[in-house]
Every structure is written in C-alpha cells, then in structure tokens.
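What follows is calculated from the coordinates using simple rules that are stated; it is not laboratory data. Quick caveat: nothing in here was measured; it's all calculated off a predicted structure. All Cβ positions, glycine included, derive from the backbone under ideal geometry; neighbour counts span all protein chains shown.
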Amino acid sequence: MTRGLLRIIAILALPVLGGCATGDTFITGVARAPIHPDDVLLYHSLPARYEEIGIITDRSFWPWAWVGPSRIAPISGELRAKAAEVGANGVFVRNLGASSVVEGVAIYVP
C-alpha cells in the first residue's frame, strides 16, 4: 500500500474509533463473585427487591452515539461486562440522556 492510501484509511477510521465507549465502576456496596455478562439483565425501573453493588458510567467521545431509539445498544455490552465483573446480575440504567455519559446502578436481584 502507498503512504497516501494508508493516511486516507487512518483518517476514515478516526470517527469509528472515536465512537467507542469507555467507563468506570465505583463500588458502593458489597461486590460478589464475577459472573458471565450474558447473565446480566438491563432494567429501566428498579425491581422491588435488590442490593446495590456499585455505579457504572460509560462515556462516548461522540454524544450522537446515544441519540435515537437504539441508544442503549452500543453500550449495553459494556454495561453488562462491567456489572458482571463485580457480580451484579442486573443494571438499572438511570441516566440515558442526550449527553455522552450513560450511568447505571449495578445491582444484585435475589
């Protein structure tokens, strides 16, 4: 490949890479043994009984990544993975606005 073609590919890849999410987990309760991310459910309202394990935040470098009806789809895997690491079997998504930050509560539902 020529240098010019490599530069064009690199420039075109930047917006795709910029849409990737990053996040943090803050333990606020008692963490449990890790589980598989596929066993973590997303909740849009809190269940009647649950234990809070922590707060999970995810950020996108591009706010437009969260706009539209499928705005949870790009980060649902990341939320589930972070919750599974601390043994949570659920995530209550509590901040899903037009900003670039999504916040959830990692919970354990008995």
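Tell me the net charge near residue 31. Cut-off is 13 Å between Cβ atoms, residue 31 excluded, with +1 for each Lys or Arg and -1 for each Asp or Glu.
Details: positive: 32, 82; negative: 51, 52, 85.
Local net charge: -1.
Using each residue's phi in segment 76-89, evaluate 6.51 cos²θ - 1.76 cosθ + 1.60 at θ = phi - 60° and report the 3J(HN,Hα) Karplus result to the nearest Hz, with x for Gly and Pro.
4, x, 5, 4, 4, 5, 5, 5, 4, 4, 9, x, 7, 9
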